[in-house]
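Just so you know, all these numbers are worked out from the coordinates, no wet-lab data involved. From a predicted model like this one, the values you see are computed outputs, not experimental measurements. Using ideal geometry, Cβ is built from the backbone for each residue, glycine included, and neighbour counts are taken over all protein chains shown.
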Amino acid sequence: MAKLVYEDGRLLFTEEMKREYTLLIPSMAPYHFNYFIPLLKSQGYNAEVLQNTSFDVIHEGMKYSHNDICVPAMLVIGQFIDAMKTEGYDPHKVAFMITQTGGGCRASNYVSLLRKAFKKAGYDYIPIVSVNAGGLEKNPGFKVNSDMLLKLITGLMMGDMIMQIYNEIIPYEVNKGQTEEVYQKVQKKLYKYFYNPFYKVLLFPKKRFKYVVKAFSEIPVDKSVKKPKVGIVGEIYVKYSPLGNNNLEQTLRDEGCEVVTPNILDFFMYTFDSSLHDIYKYGGKRWVAWVYKFILSFIEFRRNRVRRILKKYGFRDFTKYKDLQKMAIGLLPRGMHVGEGWLLTAEMVELIHIGAPNIVCTQPFGCLPNHIAGKGMFKKIKQKYPEGNIVAIDYDTSATEINQLNRIKLMISNAKRNM
């Protein structure tokens, strides 16, 4: 068994653990997180995304965390502890991996909350690996290199593209289940990309993107019946996680809607852009600002190539990040980047622009950044865009699903009437 090494009271993930341990990742974005497995395996790690979603997850989260903490933290803690109790993992051969933003949000405390919960549950010997861009909590056994970063960017881009196309097609498919079949088929093809060496990863995988879009474009669809487009925005976990939002995407499809969910890569870019803004506003190392600018330009350069492929096959293309920034002007300043910040407001405006004025704003109960940038902006947005049909849904362990569903159905009935 690997030797346990501590630093300032924190258990480190060591090089020895990299060879022996399995990294467990909480499920959040199903279209994106599955790519993390081949990505990490290509770097010599063994990894799995947790799939346990029973009611016991909520029970374990409430048992080992404070009642005032937000539902994403409760579900992440609960999913990890429930997996240790029910999924058959060797507790002496696993480590937990979680992203950490470092911003002014309760999510910044997830790692310390996890450690406290693990100690209470008797798992304080399990290391926690924090993945962040701020250099917080470094571990000798886990390092983000340029190869990993390139594969991460491409994986998120692939996830965004498939999420958009999947949601564009599935409400109108002629042969029920065909969209899901194609999705599973292309996934297997895409996994192979992440085992490519660095020199190949530097090249844009145009053939793979084209293969995916072409495969989906060949699915027969019937758009004779017009369906309301409903967008999903909000706090990043409950926005993308079926566990966090009670399977909101499927709920909207069952109600006869076409789902539109903004890109996760925009949030990734927003975190770098926020750091860039702070360096220019409050001071900092200019070379770091240059690196951030290069990453943002590199991502947009690659996304432009994806946009051209989407246009060629008749799908909606991604909104450019600079255009997204402009959509928040007059509503929220760029300096408001706590939690989802100005990006959340901009995404609501973006949805209205692309013909999806019906919006579900998902937020953990008591989430201050979302109450400001989300719910707090409804009045301003509706003054500027009267067609906006927006509803805020609070997600909490004490919230009833029927109450959430009733509010969603009311918004959908308004959407259908407006059509």
Practice task
Considering the options V288, Y35, N246, tell which one lies farthest towards the positive end of the dipole of the chain, charges being +1 on Lys and Arg and -1 on Asp and Glu at the Cβ, about the Cα centre.
Solution key: V288
Completion exercise
Which of F294, F118, F318 fluctuates most in a GNM of the chain (C-alpha springs under 10 Å)? That residue is F294
Handout entry: Dipole of the range 148-418, positive end: most advanced residue of Y199, F268, P333 [Cβ charges, Cα centre]
Key = Y199
Problem - Percentage relative contact order, the chain, counting C-alpha pairs under 8 Å, at least six apart - result: 16 percent
Practice task
Extending each Cα 7 Å along its Cβ direction at S224 and E16, get the distance between those two points in nm, one decimal.
Solution key: 6.9 nm
Completion exercise
To the nearest 20 debye, the chain has a Cα-centred charge dipole, built from +1 on Lys and Arg Cβ and -1 on Asp and Glu Cβ, of 1660 debye
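In debye, nearest 20: dipole of the range 6-143 around its Cα centre with unit charges on the Cβ of K, R (+) and D, E (-)?
It works out to roughly 180 debye.
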Problem - Residues whose placed amide H lies under 5 Å from that of Y395, excluding near-sequence neighbours - result: Q363, F365
Handout entry: Cα Rg, Dmax, the range 344-419, angstrom units
Key = 12.5, 35
Exercise for the section: Using a cut-off of under 14 Å, list every residue of the range 145-171 whose amide N is near the label point 7 Å from the Cα of F301 along the Cα-to-beta-carbon line. Expected result: 150
Problem - Value of [θ]222 nm, deg cm²/dmol, for the chain, DSSP H segments ≥ 4, -39500 (n - 2.57) each, nearest 500 - result: -16000 deg cm²/dmol
Completion exercise
With T = 20 °C, eta = 1.002 mPa s and Kirkwood Rh from C-alpha pairs, the Stokes-Einstein D of the range 6-143 in µm²/s is about 141 µm²/s
Fill in the blank from the handout: Which residues qualify? For I390, with a placed amide H closer than 5 Å and at least 5 residues away or on another chain, they are I359
Practice task
Describe numerically, in nm with one decimal, the distance between label points set 7 Å from Cα along Cα→Cβ at K326 and at V291.
Solution key: 3.1 nm
Practice task
Give K227/K384; K200/K229; K223/K384; K322/K384; K41/K320 a once-over and call out the pairs whose C-alpha atoms are over 27 Å from each other.
Solution key: K200/K229; K223/K384; K41/K320
Exercise for the section: Compute the length gained on full extension between Q383 and Y280: take 0.36 nm times their separation in residues and subtract their Cα-Cα distance, giving the result in nm to one decimal. Expected result: 33.9 nm
Completion exercise
In Å, the Kirkwood estimate of hydrodynamic radius for the chain over Cα pairs equals 22.4 Å
Practice task
Please list the equivalent ellipsoid semi-axes of the range 257-353, computed as the square roots of five times the alpha-carbon gyration tensor eigenvalues, in descending order and whole angstrom.
Solution key: 25, 18, 9
Exercise for the section: Show the residues, 5+ positions off or on another chain, whose built amide H is closer than 5 Å to the amide H of G339. Expected result: G104
Practice task
State the dimensionless ratio Rg/Rh of the range 14-77 (Rg: radius of gyration of Cα atoms; Rh: Kirkwood radius).
Solution key: 1.06
Fill in the blank from the handout: Bridge orientation stat for the chain from DSSP, antiparallel percent rounded to 5, came to 15 percent
Practice task
Multiply the residue separation of M419 and Y89 by 0.36 nm, subtract the distance between their alpha-carbon atoms, and state the gained length in nm to one decimal.
Solution key: 113.7 nm
Completion exercise
Among GluC sites (Glu not before Pro) in the range 7-113, those in a DSSP loop whose Cβ has at most 14 other Cβ atoms within 10 Å are E87
